[in-house]
1. Within segment 274-296, can you find the residues that are among the small types (Gly, Ala, Ser) and in contact (Cβ under 8 Å) with a residue 60 or more places away in the chain?
2. Report those helices (runs of 4 or more DSSP H) wholly inside segment 97-196 carrying at least 3 residues which are exposed (fewer than 13 other Cβ atoms within 10 Å of the Cβ).
3. Considering only segment 86-96, state which residues are surrounded by 13 or more Cβ atoms within 10 Å (Cβ to Cβ) and not hydroxyl-bearing (Ser, Thr, Tyr).
4. Could you run through segment 297-308 and say how many residues are touching a residue at least 24 places away in the same chain (Cβ under 8 Å) and not in a helix (DSSP H, G or I)?
5. Identify, by number, the condition in (1) of a type outside the set (Phe, Trp, Tyr); (2) modelled with pLDDT of 85 or more; (3) over 30 Å from residue 108 (Cβ atoms) that residue 299 doesn't meet.
6. Take residue 174 and tell me if it is within 18 Å of residue 79 (Cα to Cα), at pLDDT 90 or above and small (Gly, Ala, Ser).
7. So in segment 204-232, with the set limited to residues that are buried (at least 18 other Cβ atoms within 10 Å of the Cβ) and among the aliphatic types (A, V, I, L, M), which one is nearest to residue 261 (Cα to Cα)?
Amino acid sequence: MPAVEMVIKVAVLATLLVFLAYLISSGELDTKTYAKIGDQEVNGLRRHFKYKDETKAYIAFYTFGIFWFLELTNAMGAFVVSYAVVGWYYTPKPKNHNWCGLVWGYIYACTFHLGTLALGSFLIALLRWVRLILGAIEQSSKSQGNAVAACIAKALICCITCFKKFVEMINKNAYIDVCITSNNFCGAATDVMGFLAGQAAEITILNGACTIFSIAGCALISGSTGFVTYTLCTTQERWTAEDSPHHVASPRFVACVAAFGAIFVAHSFMAIFDHTADTLLYTYCWNRTKAHNTVQKYAPDALAKLVNYAPLSKPAAQAEKPAAQGGWFSTVFGGGNGAENGNSAETKPLMSK
């Protein structure tokens, strides 16, 4: 998944930058006079584009569009992982492989839920754009010696950054809710706010455990890669022999470079792990809230044990209550015992297949 997402981002960014180059080159080329020697003007040594206000607005709008498209690719990546995990969770035990989960996730992301993902990515892109403008204002105020304006711009940048992180957290969980309920963005965001308020203890425990595991995983992968590289460079004749074309003169430096590169690869996979854990927790809590006793049908045993899940038993009085006798008309028109007719909330499917 990290490789697929990287290829998509590189392709989208390269395409957008090509058209940005066309847009930037649409201005008037100004060859300012560099010097005047006698009656002869020397020009062409310094050239720049002059833009009309309308062209400047086009460039600003297109730059915002670049931010928006890149955020949309991030949103699609998060949605696809969530869709695959939710589909696997709602596969009854014993579970098997979720074939083509990522492919179907991209299909649904580009069709049914494209508007939802576009709205969520628009909010992040807008905040990034505002932060970029405030950064330009801060630099301009510094160059003009206006310390007050620079300080205000810095404070606003901090506020925008904090709010952006909050919106990113809402978006990530909203996409999970969309995978479960096919809700729109606003409805999913409302559900997420209720989830964050009602499951604060579970979220805190899981985030703490995932953070520790992510740090340990990155350190282990990076350290083992560096150690193996250093061992090979100091023990194998291919790299130790001075007459070898592959001789490594500084094994420590090569090991450090390998470890530094490995930590980026490890971070990509640990980010998938973290998002998968968040998706499982949200899906489990949604399952438990909507139909508590069906959790044991879907939730993995390790997850149920981790959260101390226990099925609910019906009260004795309710269990001994005789079924309503509605006769033939009650059966036809929906009367009688809901559980007997298969209308109990516990037996309704939780995810449409």
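The values are calculated or read from the model by the stated rules, or taken from the named source; none is laboratory data. For clarity, every value in this text was computed on a predicted model and none was experimentally measured. We place every Cβ from the backbone using ideal geometry, glycine too, and count neighbours over all the protein chains shown.
1. Applying the first criterion (among the small types (Gly, Ala, Ser)) to segment 274-296 yields 277, 291.
Within segment 274-296, 277 is the sole residue that qualifies.
2. 114-143, 147-181
3. Within segment 86-96, 86, 87, 88 qualify.
4. Residues in segment 297-308 being touching a residue at least 24 places away in the same chain (Cβ under 8 Å) and not in a helix (DSSP H, G or I): 3 in total.
5. Result: residue 299 passes all but (3).
6. Details: within 18 Å of residue 79 (Cα to Cα): yes; at pLDDT 90 or above: yes; small (Gly, Ala, Ser): yes.
It is true that residue 174 is within 18 Å of residue 79 (Cα to Cα), at pLDDT 90 or above and small (Gly, Ala, Ser).
7. That would be 221.
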